[in-house]
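The values are calculated or read from the model by the stated rules, or taken from the named source; none is laboratory data. Just so it is clear, the structure is predicted and the values come from calculations on it, not from any experiment. Quick reminder, even Gly has a Cβ in these numbers, built from the backbone with ideal geometry, and neighbours come from all protein chains shown.
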Amino acid sequence: MDYRSLGNEVVTLVVGAEKKVFTVHKKLLCDRSAFFSKGFNGQFKEAAEGRMELPNDTSAAFECFLTWLYWDKTPPLPARLSSAACDGNLAFPISPTAEDIRSFVMTMLYPAYVLAEKFCLHDMQNRFMNAIQDVHAQVCTLPDAKEIQFIYENTQENSKLRLYCATAVAYSLARCADLGQVKDFANLCATIPDFALDLLQVCIFFDFSIQISYQFCGVCKLFFSRMLTPRYFRFTKPKGISFTTSTIPAIPVSDPSSTTKL
């Protein structure tokens with residue numbers, strides 16, 4: 001990064017219920033985000049005070065934001081340290097457990113994506129969408145019911161992360177998910193109507209219900225591919241090529257106004 005892009009002025013952001021304080025270069029922040037530019041360069045009190053409070057965001061998500069803002073990176077999957085060995089040997093890093101990985105995605109990557117979506121940081125959305133897919137591909141896992149509930153409670157109606165979840169569940173069901181998973185997903189459909197409709201639309205689009213096998217559709221072959229699938233779940237400008245809302249046919253319903261599109 002060119003140090004001149006940082007500018008000389010800094011602003012203060014107070015994040016989360018714990019009111020954690022972050023100091024950020026104003027020019028860099030406002031150049032990358034229209035939201036913060038309006039806040040710190042407009043007629044609001046934040047511009048006069050050089051201070052903004054973000055009580056509804058988490059400090060972990062904001063740290064991810066700063067990692068992206070300053071270094072254009074996502075946080076790495078943390079390694080675990082072994083307990084100290086006998087005879088004075090030092091602890092050494094070991095592979096994270098499945099619980100470690102789910103905790104990392106749930107407390108860092110998902111909230112960071114939610115923050116990016118909230119502030120319309122489309123480059124950050126794409127970077128963290130790729131990070132989520134990469135972690136899932138690395139350990140061959142997909143969002144579970146608890147994660148999907150969090151995502152639907154904290155994202156917008158047309159969120160690409162919602163599309164990813166609906167596609168992941170369709171993939172799991174097509175691979176003959178166990179009874180426990182099926183019950184969890186059924187409960188989600190009952191309690192989150194948007195998820196139920198998204199899932200149905202994905203199934204119709206990919207014709208999951210007709211050919212339930214490992215080869216039923218290209219999306220199964222591509223789901224864990226780092227080269228092809230990210231484009232389905234990325235935010236793109238109008239001229240870009242992506243798996244867009246208009247691509248998925250709406251489900252006929254009695255009241256057209258109640259149709260939810262991905």
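For segment 206-218, the criterion of being modelled with pLDDT of 95 or more and touching a Lys or Arg at 6+ places or on another chain (Cβ under 9 Å) is met by none of the residues. Looking across segment 151-203, just one residue is free of Cβ contacts under 8 Å to residues at least 40 places away in the same chain, of a type in the set (S, T, N, Q) and not in a helix (DSSP H, G or I), and that is 156.
Annotation note: of 9, 63, the sole residue that is over 22 Å from residue 129 (Cβ atoms) and not aromatic (Phe, Trp, Tyr) is 9. Within segment 26-71, restricting attention to residues that are acidic (Asp, Glu) and surrounded by 12 or more Cβ atoms within 10 Å (Cβ to Cβ), the residue that is nearest to residue 101 (Cα to Cα) is 63. The set of residues in segment 137-173 that are of a type outside the set (A, V, I, L, M, F, W, C), buried (at least 20 other Cβ atoms within 10 Å of the Cβ) and under 19 Å from residue 98 (Cα atoms) contains only 143.
For every residue, the table says whether it meets (1) within 30 Å of residue 150 (Cα to Cα); (2) at pLDDT 95 or above.
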{"residue": "44", "(1), (2)": "no, no"}
{"residue": "50", "(1), (2)": "no, yes"}
{"residue": "53", "(1), (2)": "yes, yes"}
{"residue": "63", "(1), (2)": "yes, yes"}
{"residue": "71", "(1), (2)": "yes, no"}
{"residue": "94", "(1), (2)": "yes, no"}
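When 138, 133 are checked against the criterion of being of a type outside the set (A, V, I, L, M), assigned to a helix (DSSP H, G or I) and touching a Pro at 6+ places or on another chain (Cβ under 7 Å), 133 stands alone in meeting it. A count restricted to segment 93-126 and to residues that are assigned to a helix (DSSP H, G or I) and surrounded by 20 or more Cβ atoms within 10 Å (Cβ to Cβ) stands at 13.
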